[in-house]
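Undergrad: Can you keep this structure in mind? I'll have questions shortly.
The values are calculated or read from the model by the stated rules, or taken from the named source; none is laboratory data. This structure is a prediction, so every number in the text was calculated from the model and none was measured. Please note: Cβ atoms are built from the backbone with ideal geometry, for glycine as well, and neighbour counts cover all protein chains shown.
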Amino acid sequence: MTRIDIAFQAVVLPVLLSFAAVSTVTWAGQANALTPLCAPAGPMNWQEMHQFVGCVAEGLRDEVWAENILPGIEIAPGVDAPDRAIRLEITKGCSLVPAYDHNRGVVSFPHALFYFTLYFQQAMLFQFLGTSPGEGDEDLLSYYDDRLRPALVRERMACPGSDLQKTGRVSRQLPSIMDRRMTNAERDAIFRKVNSDPATDRFQAYVALSPVFFTLLHEVGHAVLHPDGSSGEDHEEIEADDYAAAVLNANGLPVIMGLGIHQIFHSASRGGNDSALACRVARLARNHPVPAAFVDEFGQDIANRLEHFRRFYADEYQRRCDA
Ligand SMILES: [Zn+2]
C-alpha cells in the first residue's frame, strides 16, 4: 500500500479536523456544526484518503452548510440572505467548476475539488506559519500555478472514462509543497505550534475553511443577486465576488485566504490563465485588507504576513490582468 508522505499527515490532518473545531470560533460564534471526525488515527494510505475526503464532503454538505455558512450570511450587515432555500450538492463527474443552478436552487461543488483544497491548505499553512514574513510568497503562487493547477487540468483532460467521472476521485496523489523547500524540522515546528497554541490552531482552522467558503459564498451571491440565472458576464461575477468578500469580512475571515483556490477552481475548465479572472482576483486582493477583528484575535505577526501576501497577490494578478 502506498503511504502518503507522513509530513503531509502532520499538518493536513489537524487542518481538516478543524472543520469540527472551528465551528465555535468563526462566524462570530454563530456556527455550531458538529462535523464528524473523519480522519483515521494514523497516516493514511491512498484508499483511506479517498474515504477521508468523502467523509469531509458529507460533513460539509450535511452540517457545515446549514449550520455555519447560511447563518454566516445572516450576520453580514448589508448582505441579503437568499430568499429561497438553497441546497448544497457535492457532485461527481467531469465538471470541476462550482456553480449555482437557479432552476433547482442548488449550489454544486465538485467532490474532486476537496483533494485540491487539502493540498492548498497545507501550502498556505506552511507559508503563513513557517517562513519569515513575506518570504515564499512567490513560491506559494508558483506551487499553485505550476504544480497544483496542471494536476487539476490533467484530471479533467482524462475525463470522461476516468475515476473522476465514476467516483469523483482524483486518480493519483497530487504534488505537495513539501516536495520543495521545507525541511522536516520546519514542518515539525509548525505541527507543534498548531498543537500547542490555541490561537495557531484557530488560525489553521481559518486556513482550512476560507477557500471552500469563499467559493460557496460566491455561488450564494449568484443565488441572491441573479435569481433568474447568471449570465456569466464579468459584472455579475464581480457582484458575486463582492458578496462573498462581504460575508467573509463580516465574519472576520481575510478574503485573501480564499483567493488562490478560487483562481484554481475557476481556471480549471479553461486550462490556462484567464485574464478576466486575474482582474477579479487582483481587485479582491486590493480591496480587502485583513479585517481588524482578525488582527485583534491573531496578532500583528500573522496579519502582517497575510497583508504582505495580499499585496503581492494584488500586484501579480494585476500584471496578469493587464497582460
Ligand atoms: Zn460566478
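Undergrad: Give the residue that is modelled with the highest pLDDT, with candidates limited to residues of region 29-68 that are farther than 30 Å from residue 251 by Cα and in a loop (DSSP other than H, G, I, E, B).
TA: Step by step, filter region 29-68, then rank; the result is 44.
Undergrad: Scan region 264-293 for residues that are more than 17 Å from residue 140 (Cα to Cα) and either modelled with pLDDT of 90 or more or of a type in the set (Asp, Glu) (or both) and jot them down.
TA: Hits for region 264-293 are 274, 279, 280, 283, 284, 286, 287, 288, 289, 290, 291, 292.
Undergrad: If you take the residues in region 231-256 that are more than 13 Å from residue 288 (Cα to Cα) and small (Gly, Ala, Ser), which one is farthest from the ligand (Cβ to nearest atom)?
TA: Only one residue tops the list, namely 231.
Undergrad: I'm trying to understand the selection: among the residues of region 120-143, which are crowded, with 23+ Cβ neighbours inside 10 Å and either under 21 Å from residue 163 (Cβ atoms) or of a type in the set (Ser, Thr, Tyr) (or both)?
TA: 120, 143
Undergrad: Tell me, please, whether a residue that is in a helix (DSSP H, G or I) and within 23 Å of residue 52 (Cβ to Cβ) can be found in region 233-242.
TA: no
Undergrad: Now a separate question. Without any contact (Cβ under 8 Å) to a residue 12 or more places away in the chain, surrounded by fewer than 17 Cβ atoms within 10 Å (Cβ to Cβ) and either within 16 Å of the ligand (Cβ to nearest atom) or polar (S, T, N, Q) (or both): does that describe residue 101?
TA: yes
Undergrad: Might you let me know whether region 131-145 holds any residue that is touching a Leu at 6+ places or on another chain (Cβ under 9 Å), away from the ligand (no atom under 16 Å from the Cβ) and modelled with pLDDT of 85 or more?
TA: No: zero hits.
Undergrad: Still on this structure, please answer the following. With among the small types (Gly, Ala, Ser), within 20 Å of residue 261 (Cβ to Cβ) and either at pLDDT 85 or above or touching a Pro at 6+ places or on another chain (Cβ under 6 Å) (or both) as the only criterion, which of 229, 221 stands out?
TA: Going through 229, 221 in turn, the sole match is 221.
Undergrad: If I go through region 155-174 residue by residue, how many of them are among the basic types (Lys, Arg) and surrounded by fewer than 17 Cβ atoms within 10 Å (Cβ to Cβ)?
TA: 2
Undergrad: Name the residue that is nearest to the ligand (Cβ to nearest atom), counting only residues in region 187-230 that are of a type in the set (Asp, Glu), part of a helix (DSSP H, G or I) and over 12 Å from residue 125 (Cβ atoms).
TA: Across region 187-230, the extreme among qualifying residues is 219.
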